[in-house]
Amino acid sequence: MSYRVERYLSLPEINQEDYLLNKSDAEKKDLFLEILHTGVHGFCFSLYEDGQQPGDIITEEQVRRRMQILKPHTAWIRSFSCTEGNEHIPIIAKELGMKTLVGAWLGKDQEVNEREVAGLIKLAKEGYVDIAAVGNEVLYRNDMSEDELLEFIYRVKKEIPEIPVGYVDAYFEFTMKPRISEACDVILANCYPFWESCPAENALNYMKEMYRQAKAAANGKPVIISETGWPSKGEELKGAVPSETNALDYFIKTQLWCMDEEIDCFYFSSFDESWKVGGEGEVGAYWGIWDKNEKLKFQTGKEVI
C-alpha cells in the first residue's frame, strides 16, 4: 500500500526534484508541515540533550518527552543502542503504539558488545522489537572484522528467529560484503549524498542510485533506508552545502519519492544533538528536524499539531 495519501494526489509522482522549482519559501514550508502532519515512515531517535553525550545515563522521563513530540508524525522509531537509557526508547515507543527498529551498538570493546547484544535479545523476547539491527557502520569504521560481525548476527538470529534481523551500514558495504547481505533478513542501508559531496540540487537522484545499489546487493530481500538527511548548518563539504533551504528541500523531495515508491525510510534525524560536533565538526550538530531545544524548524507561523 502506498504511503501517498489523498492530499498528495495533486503532486507529481515522478521528477520530485523539479517540483520545488520556483516555489517560495512559504510554499515549501507549508508542504513540509503537510508532510510532517500526515506522517513519515520513521525517524531516527535523537537521545541526547545539550550537554549530554554517549556514556551518559539517560532517564525514562527524557525519552518519554521526546517520544511524545515525535508520536504524531511517524509510525516507526529507530534506536541505536540497548544500554545507558537507550533501552527505554523501544519500550516507550511500543507503549505509544509505534513500531521499532532497535539497534545494538557494536564496536571495539567486546564487553560492551556483549551487553548490547544481550540487551537487544532481551528487548526482542519481551516484545519491544519489530526489526533488530546488529551493529551500525561497524565495517565502515573498521571496528571489527566481517567474521566477528557475522558471529553476532547469527547469534541474534538464533535467539529471536521470529523477528527480522539486519545490519546497518553505508549502502555500498552490502555490495562489497556479500556474506553480510546473505546473513541479513533485511538490508538496512544508510544513504547520504551530503557525505559524498553531492550538490543539493542533485542529491535526490544520487540517493536513488544509492538505493538501487543496495537493492541489487539484497537479491530480493527487503531494503530499508536506515538513515538519510541533510544538515541545516555547518561547514561545506566540497559541493555539498549545509543550509536551512537545502535541508528543507531534501526532506520534502525524499519524503515524496519514498511515498510514491513505497520505500521505508528512517529520516536522520529527529533532534539536533550538540555532542556530534566532536566527530563531524559543526555540521554534525544540525541534522534534526527539531532543533536542540525541541523547536520545530522550517515553520511558517502555523500551529504545529
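Tell me, please, whether a residue that is farther than 25 Å from residue 172 by Cα, of a type in the set (S, T, N, Q), more than 14 Å from the chain's Cα centre (by Cα) and not in a helix (DSSP H, G or I) can be found in segment 211-229.
Start the filter on segment 211-229 by keeping residues that are farther than 25 Å from residue 172 by Cα, which leaves none.
Scanning segment 211-229 turns up no residue that is farther than 25 Å from residue 172 by Cα, of a type in the set (S, T, N, Q), more than 14 Å from the chain's Cα centre (by Cα) and not in a helix (DSSP H, G or I).
Which one of the conditions (1) farther than 26 Å from residue 39 by Cβ; (2) part of a helix (DSSP H, G or I) does residue 93 fail to meet, given that it meets all the rest?
Status for residue 93: all satisfied but (1).
For segment 170-188, how many residues are in a strand (DSSP E or B) and either under 16 Å from residue 153 (Cα atoms) or among the β-branched types (Val, Ile, Thr) (or both)?
3
For residue 75, all conditions in the list (1) more than 19 Å from the chain's Cα centre (by Cα); (2) surrounded by fewer than 20 Cβ atoms within 10 Å (Cβ to Cβ); (3) among the aliphatic types (A, V, I, L, M) hold save one; what is the number of the exception?
(1)
Take the residues in segment 127-151 that are crowded, with 23+ Cβ neighbours inside 10 Å and small (Gly, Ala, Ser); name whichever of them is nearest to residue 106 (Cα to Cα).
135
Could you list, in sequence order, the residues of segment 153-191 that are of a type in the set (Phe, Trp, Tyr), more than 16 Å from residue 80 (Cα to Cα) and surrounded by 20 or more Cβ atoms within 10 Å (Cβ to Cβ)? First the steps, then the outcome.
Quick first cut of segment 153-191, residues of a type in the set (Phe, Trp, Tyr) only: 154, 167, 171-172, 174.
Now restrict to residues that are more than 16 Å from residue 80 (Cα to Cα): 154, 171-172, 174.
171, 174 - these are the residues of segment 153-191 that are of a type in the set (Phe, Trp, Tyr), more than 16 Å from residue 80 (Cα to Cα) and surrounded by 20 or more Cβ atoms within 10 Å (Cβ to Cβ).
Here are some conditions: (1) farther than 23 Å from residue 114 by Cβ; (2) assigned to a loop (DSSP other than H, G, I, E, B). Residue 201 meets all but one. Which one does it not meet?
The single condition residue 201 does not satisfy is (2).
Is there a residue being touching a Gly at 6+ places or on another chain (Cβ under 6 Å) and either in contact (Cβ under 8 Å) with a residue 24 or more places away in the chain or closer than 23 Å to residue 115 by Cβ (or both) anywhere in segment 169-180? Don't jump to the end; show me each part of the working.
Start the filter on segment 169-180 by keeping residues that are touching a Gly at 6+ places or on another chain (Cβ under 6 Å), which leaves none.
No, there is no match, as no residue in segment 169-180 is touching a Gly at 6+ places or on another chain (Cβ under 6 Å) and either in contact (Cβ under 8 Å) with a residue 24 or more places away in the chain or closer than 23 Å to residue 115 by Cβ (or both).
Restricting attention to segment 135-150, does a residue exist that is in contact with an Asp or Glu (Cβ under 8 Å, 6 or more places away or on another chain) and part of a helix (DSSP H, G or I)?
No, that holds for no residue.
Here, each number is a calculation from the coordinates, and none is a lab measurement. Computed from a predicted structure; not experimentally measured. Counting neighbours? That spans all protein chains shown, and the Cβs are built from the backbone with ideal geometry, glycine included.
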